[in-house]
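Heads up, the thing below is written out as structure tokens.
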Amino acid sequence: QVHLVESGGRTVQAGGSLKLSCVVSGRPFNKYAMGWFRQAPGNEREFVAAIGRGGTMLDYTDSVKGRFTISRDNDKSTVYLQMNNLKPEDTAVYYCAAQFTLLAKTFTEYEWWGQGTQVTVSS
């Protein structure tokens, strides 16, 4: 069984920064490619960023490019999402997810999910 726990979400003013963390347990972390998704009320869950097993393959949705950075520390079994210049439209519950393919950006490709962490950006 794979277990993912996100942390770091809180309320921040527009223009501010947050760093989300997701700790993974249950199997060797370097077997997984990881992703971050978000879901705002009334919206579908959307892809935010993905990182391959070694940390060199990256992908981002267009709306966060240049503002968000995904990274991982395989020794700590943790994936991060550094979010800068936050905007009110970034407000959502953020989820991390794990899967075994090289890189994926659709939620149906991910097998394991965390419980989510709330990010609220006030204007």
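The values are calculated or read from the model by the stated rules, or taken from the named source; none is laboratory data. Small disclaimer: the values here were computed from a predicted structure and weren't measured. Positions of Cβ are backbone-derived with ideal geometry, glycine not excepted, and every protein chain shown enters the neighbour counts. For accessibility, only protein heavy atoms count, side chains too; no ligands or nucleic acids. Shrake-Rupley method; radii C 1.70, N 1.55, O 1.52, S 1.80 Å.
Couple of notes before you dig in:
- Distant-in-sequence amide contacts of Thr91, defined by a placed amide H-H separation under 5 Å and a gap of 5 or more residues or a different chain, comprise Val121.
- FRET E, pair Lys65, Val2, Förster distance 25 Å, beta-carbon r, rounded to 0.05: 0.30
- The HN-Hα couplings worked out from phi for the range 6-17 by the Karplus form 6.51 cos²θ - 1.76 cosθ + 1.60 (θ = phi - 60°) are 8, 7, x, x, 6, 8, 9, 6, 4, x, x, 10 Hz, whole numbers, x standing for Gly and Pro.
- In this structure, the amide hydrogen of Arg72, modeled 1.01 Å from its nitrogen in the peptide plane, lies closer than 5 angstrom to those of Tyr80, counting only residues at least 5 positions away or on a different chain.
- Range in the chain, longest, excluding exposed GluC sites (Glu not before Pro) [loop by DSSP; at most 15 other beta-carbon atoms within 10 Å]: 45-110
- Gain on full stretching of the segment that runs from Lys76 to Ser123 - 0.36 nm per residue minus C-alpha separation: 13.5 nm
- Taking trypsin sites (Lys or Arg not before Pro) across the range 19-123, the ones in a DSSP loop with at most 14 further Cβ atoms lying within 10 angstrom of their Cβ are Lys65, Lys76.
- In a simple Cβ point-charge model (Lys, Arg +1; Asp, Glu -1; nothing else charged), the chain has a dipole of about 240 debye relative to its Cα centre.
- Normalised per residue, the accessible area of the chain is 50 Å², obtained with a 1.4 Å probe and no contribution from ligands, DNA or RNA.
- Accessible surface of the chain [probe 1.4 Å, protein heavy atoms]: carbon and sulfur percent: 48
- Potential lengthening between Leu58 and Glu44 on full extension [0.36 nm per residue; Cα-Cα distance subtracted]: 2.8 nm
- Each Cα pair under 8 Å and six or more residues apart adds its separation to the average, and for the chain the resulting relative contact order is 36 percent.
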